[in-house]
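What follows is a short report on a single structure.
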Amino acid sequence: MKFSTYNPSSIEEIKLLFTKTFSDSEGEAEGTLIGNLAYDLLTNTDGHDLYCFIATENEKIIGSIIFSKLGFEKSEVNAFLLAPVAVHTSCQGKGVGQKLINFGLDALKQSGVELAITYGDPNFYSKAGFAPINEELVKAPLKLTYPEGWLGQSLVSDKIEAIAGNSYCVQALSKPEYW
Ligand SMILES: CC(C)(COP(=O)(O)OP(=O)(O)OC[C@H]1O[C@@H](n2cnc3c(N)ncnc32)[C@H](O)[C@@H]1OP(=O)(O)O)[C@@H](O)C(=O)NCCC(=O)NCCS
């Protein structure tokens with residue numbers, strides 16, 4: 001298994017991975033939604049505002065993770081939002097997801113990213129160092145339907161400092177259905 005930065009020539013393959021994986025776990029509609037989100041993120045986001053990493057086995061993409069810029073009105077903190085991540089259904093439960101998240105977080109850290117945020121299952125993401133946060137600490141860019149899933153971790157210290165002001169995400173994620 002190999003972990004690496006994605007190559008733009010693989011965008012269709014990555015879209016298919018997200019569509020298939022989320023269709024398997026949450027139904028076809030969710031699969032289509034998340035496949036389209038991944039495609040939109042990879043094709044409509046400024047390169048400075050995006051990181052995407054892949055796990056490959058025998059040249060085939062079996063996992064992918066996308067991070068996009070989370071900006072703040074009143075702060076220059078360098079923050080990125082992890083969403084989405086998928087490991088092909090046939091390869092799940094073997095530690096690939098965990099390794100992919102850690103690979104991504106290490107790469108972000110080396111690029112000077114200070115804060116990683118995500119929105120998902122606290123039980124899963126706590127295994128990769130994320131802990132629940134609230135909106136007094138870090139404002140979400142859109143209304144959260146599941147505030148318990150708002151999670152973060154500092155990549156530069158053991159504690160997240162409160163960030164003043166509203167946040168904004170990239171255009172591809174600026175839709176209420178993702179939140
Ligand atoms: C979630 C996902 C990326 C995890 O990848 P994976 O390779 O299966 O995960 P790992 O094998 O690294 O599992 C790491 C740990 O998380 C746990 N875990 C895996 N999926 C989980 C889930 N959906 N909820 C809670 N815990 C989960 C595993 O039991 C494992 O725990 P352990 O180390 O104590 O045994 C993968 O299962 C997936 O693509 N699922 C469908 C899409 C999805 O839900 N994506 C995340 C939301 S954006």
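List, in order, the whole-Hz ³J(HN,Hα) value for each residue of region 122-129 obtained from phi through the Karplus relation with A = 6.51, B = -1.76, C = 1.60 and θ = phi - 60°; use x for Gly and Pro.
For region 122-129, the Karplus curve yields x, 5, 6, 6, 5, 5, 10, x Hz.
With axes computed from alpha carbons, what is the tilt in degrees of helix 96-110 against the longest principal axis of the chain, rounded to the nearest 10 within 0 to 90?
Its long axis makes an angle of about 50 degrees.
Where a Cα-Cα gap under 15 Å defines reach, which aspartates and glutamates qualify for Lys60, not counting those fewer than 8 residues away within the same chain?
Output for Lys60: Glu12, Glu13.
Amide H to amide H under 5 Å from Phe72: which residues, 5+ apart in sequence or cross-chain, H placed 1.01 Å off N in plane?
Hits under the 5 Å cutoff: Tyr168.
List the residues whose amide H sits under 5 Å from the amide H of His88, counting only those 5 or more places along or on another chain, with H placed 1.01 Å from N in the peptide plane.
Those qualifying (amide H under 5 Å, at least 5 residues apart or on another chain) are Gly63.
Dividing the Cα radius of gyration by the Kirkwood radius, what Rg/Rh value follows for region 2-178? Walk me through the intermediate numbers first.
On the way: Rg = 15.3 Å, Rh = 16.3 Å.
My calculation of the ratio gives 0.94.
From the phi of every residue in region 55-66, what ³J(HN,Hα) in whole Hz does the Karplus formula 6.51 cos²θ - 1.76 cosθ + 1.60 yield, where θ is phi - 60° and glycine or proline is x?
Per residue, the Karplus-derived 3J(HN,Hα) values read 10, 10, 9, 6, 6, 9, 7, 10, x, 8, 9, 10 Hz.
Just to confirm the number: angle between the C-alpha axis of helix 11-26 and the first principal axis of the chain, 0 to 90 degrees, nearest 10?
Roughly 80 degrees, rounded to the nearest 10.
Quick one: Cα convex hull volume of region 1-66, Å³ per residue?
Convex hull of Cα atoms, per residue: 75 Å³.
How do Phe80, Phe3 line up, fewest other C-beta atoms within 10 Å first?
Phe3, Phe80
For Glu135 and Lys74, calculate 0.36 nm times their separation in residues minus their Cα-Cα distance, and state this gained length in nm to one decimal. Working shown, then result.
Working: separation 61, 0.36 × 61 = 21.96 nm, distance 1.48 nm.
Extra length available between Glu135 and Lys74 comes to 20.5 nm.
Between the alpha-carbon centers of region 11-47 and region 122-151, tell me the distance in whole angstrom.
Each part's Cα centre sits 22 Å from the other's.
Hey, what number do you get for the chain at 222 nm if only DSSP H runs of n ≥ 4 count, each worth -39500 (n - 2.57), divided across all residues, to the nearest 500?
Computed ellipticity for the chain at 222 nm equals -9000 deg cm²/dmol.
Bear in mind that the values in this text are calculations on the coordinates, not laboratory data. Everything numeric here is computed off the predicted structure, so don't read it as measured data. Quick reminder, even Gly has a Cβ in these numbers, built from the backbone with ideal geometry, and neighbours come from all protein chains shown.
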